[in-house]
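To start, the structure under review is shown below, and the notes come after it.
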Amino acid sequence: MARKTVRIAMNGVTGRMGYRQHLVRSLLAIRDEGGLDLGDGDVLWPEPVLVGRREHALKTLADRHGLEHVSTDLDAVLADPSVDVYFDAQVTLAREDAITRAIAAGKHIYTEKPTATSARGALELARLARDRGVKHGVVQDKLFLPGLLKLKRLIDGGFFGRILSVRGEFGYWVFEGDWQPAQRPSWNYRAQDGGGVVLDMFPHWEYILHELFGRVETVQAHVTTHIPRRWDEKGKAYEATADDAAYGIFGLEGGVVAQINSSWAVRVNRDELVEFQVDGTEGSAVAGLRECRVQHRSATPKPVWNPDQPATESFRDQWQPVPDNGEFANGFRAQWELFLRHVALDEPYHWDLLAGARGVQLAELGLRAAAEGRRLDVPELAL
């Protein structure tokens, strides 16, 4: 058995997502199981190189997990020929420049989204990677969630008949930070720092809609800042200049209509933090992060509208759960494994920087549609 080592520069692992999902639950979990099985007796061994600005924080993480390599000098890491992959989980504003430098250094690229703060910048990254001949991938983790995998199973099996519409609800109340600490970093609420729910969430909605239902062809949106004053990590008040809620309508190829609400100023009254209801001529489904419930045409009850009487039936109980029919891996790890196989074996991989650019494009057009108060076409991107 041959063990092949792939050295991965991981920039931004001191943040919550970079640390928990990408380092611990993905790469370290692969190492804990002896590496990634490539077949024919070969195993791929990921070797993280932790990169960031705070040396003490990096060394603390390295010591905690028995890792050897940390650096605060990104250029030195990129100049190291033994480093194969550059991964970016930094704040959005820092990402485009770092990825540009990594591409120039000939590193394969794997990155969180959004890949840039503008569609032009995101598309340029895809062009640079193509011209440099490096492999590249963008995290599109929600496609690997159990609830959406079950939903895709229904779509592939023809359960819905002709799909008519998709309705999504995402969000929760993010504490203002005055009398309870906020659950999200304060930069998320400052436009000048790359914050905003549209730039954060519309790239997610783009790849979910694109992969499951069809390309997004039009967008219209109402975007607002419901909570204009928040308190940062040090308890200092600041003006929230970024949008914290967006109400979008997306026209998809084939005539499907999608409506998705995204908000950090909403209290949860649903089973999961994100849910999508899909209605079709033959049946409907509601999918969340993990669960999925269905109601077929043949089992659809006959609701009766009577505002003068209390409801006599539980509408939620009229839906049937979709079984797991197998084990679901952590979505971030599942996509990491696919990308590493792409790097090591040249296996197909289509969640690339061009796909990431589509997400940034949709966010940019969503903000413009809201500002102009009209529906905009979403041109198809190409390199």
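The values are calculated or read from the model by the stated rules, or taken from the named source; none is laboratory data. Because the structure is predicted, anything quoted here is derived from the model rather than measured. Using ideal geometry, Cβ is built from the backbone for each residue, glycine included, and neighbour counts are taken over all protein chains shown.
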Checklist outcome for this item: Counting only residues in the range 208-262 that are touching a strand residue (DSSP E or B) at 6+ places or on another chain (Cβ under 9 Å), closer than 18 Å to L367 by Cβ and among the hydroxyl-bearing types (S, T, Y), the one surrounded by the most Cβ atoms within 10 Å (Cβ to Cβ) is identified as S262
Checklist outcome for this item: Sole miss for L209 among (1) outside any helix (DSSP H, G or I); (2) under 27 Å from R293 (Cβ atoms) is condition (1)
Item to check | Selection from the range 150-191 of residues that are assigned to a strand (DSSP E or B) and within 19 Å of V274 (Cα to Cα) | outcome: S165, V166, R167, G168, E169, F170, G171, W173
Checklist entry - Mind checking whether some residue in the range 281-297 is without any contact (Cβ under 8 Å) to a residue 12 or more places away in the chain and in the same structural domain as I163 (by TED's automatic domain parsing)? => result no
Checklist outcome for this item: Those residues of the range 306-335 that are within 28 Å of F144 (Cα to Cα) and either out of contact with any strand residue (DSSP E or B) (no Cβ under 8 Å at 6 or more places or on another chain) or not assigned by TED's automatic domain parsing to the domain that holds S26 (or both) come to a total of 19
Next on the checklist: Take residues that are touching a residue at least 60 places away in the same chain (Cβ under 8 Å) and under 29 Å from L383 (Cβ atoms) and tell me which of the helices (runs of 4 or more DSSP H) falling wholly in the range 28-129 contain 2 or more.
Outcome noted: 74-79, 92-104
Next on the checklist: Going through F276, F250 one at a time, which residue ends up being under 21 Å from L149 (Cα atoms) and either in a strand (DSSP E or B) or polar (S, T, N, Q) (or both)?
Outcome noted: F276
Next on the checklist: On the basis of being surrounded by fewer than 22 Cβ atoms within 10 Å (Cβ to Cβ), of a type in the set (G, A, S) and within 28 Å of K142 (Cβ to Cβ), does G15 make the cut?
Outcome noted: yes
Item to check | Verdict on V139 being out of contact with any helix residue (DSSP H, G or I) (no Cβ under 6 Å at 6 or more places or on another chain), at pLDDT 95 or above, crowded, with 21+ Cβ neighbours inside 10 Å and closer than 30 Å to R290 by Cα | outcome: yes
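For the range 264-314, enumerate the residues that are of a type in the set (A, V, I, L, M) and closer than 30 Å to V174 by Cβ.
Matches in the range 264-314: A265, V266, V268, L273, V274, V278, A285, V286, A287, L289.
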Checklist outcome for this item: Condition set closer than 27 Å to W45 by Cα and within 17 Å of the chain's Cα centre (by Cα), scope the range 103-125, selection surrounded by the fewest Cβ atoms within 10 Å (Cβ to Cβ): answer is E112
Next on the checklist: Just to be sure I understand, how many residues within the range 133-156 are charged (D, E, K, R) and in contact with a Gly (Cβ under 8 Å, 6 or more places away or on another chain)?
Outcome noted: 2
Checklist entry - Would the range 284-305 turn up any residue that is closer than 24 Å to V138 by Cα, among the polar types (S, T, N, Q) and buried (at least 18 other Cβ atoms within 10 Å of the Cβ)? => result no
Checklist entry - Is there a residue being in a helix (DSSP H, G or I), among the β-branched types (V, I, T) and either under 30 Å from D131 (Cβ atoms) or within 20 Å of the chain's Cα centre (by Cα) (or both) anywhere in the range 359-366? => result yes
Item to check | Flag for G359 being within 18 Å of E206 (Cα to Cα), in contact with a Pro (Cβ under 6 Å, 6 or more places away or on another chain) and surrounded by 15 or more Cβ atoms within 10 Å (Cβ to Cβ) | outcome: yes
Item to check | When residues of the range 75-102 are limited to those that are surrounded by 13 or more Cβ atoms within 10 Å (Cβ to Cβ) and more than 25 Å from the chain's Cα centre (by Cα), the one nearest to F339 (Cα to Cα) | outcome: V83
Checklist outcome for this item: Within the range 310-347, the residues that are part of a loop (DSSP other than H, G, I, E, B), touching a helix residue (DSSP H, G or I) at 6+ places or on another chain (Cβ under 8 Å) and of a type in the set (F, W, Y) are F328
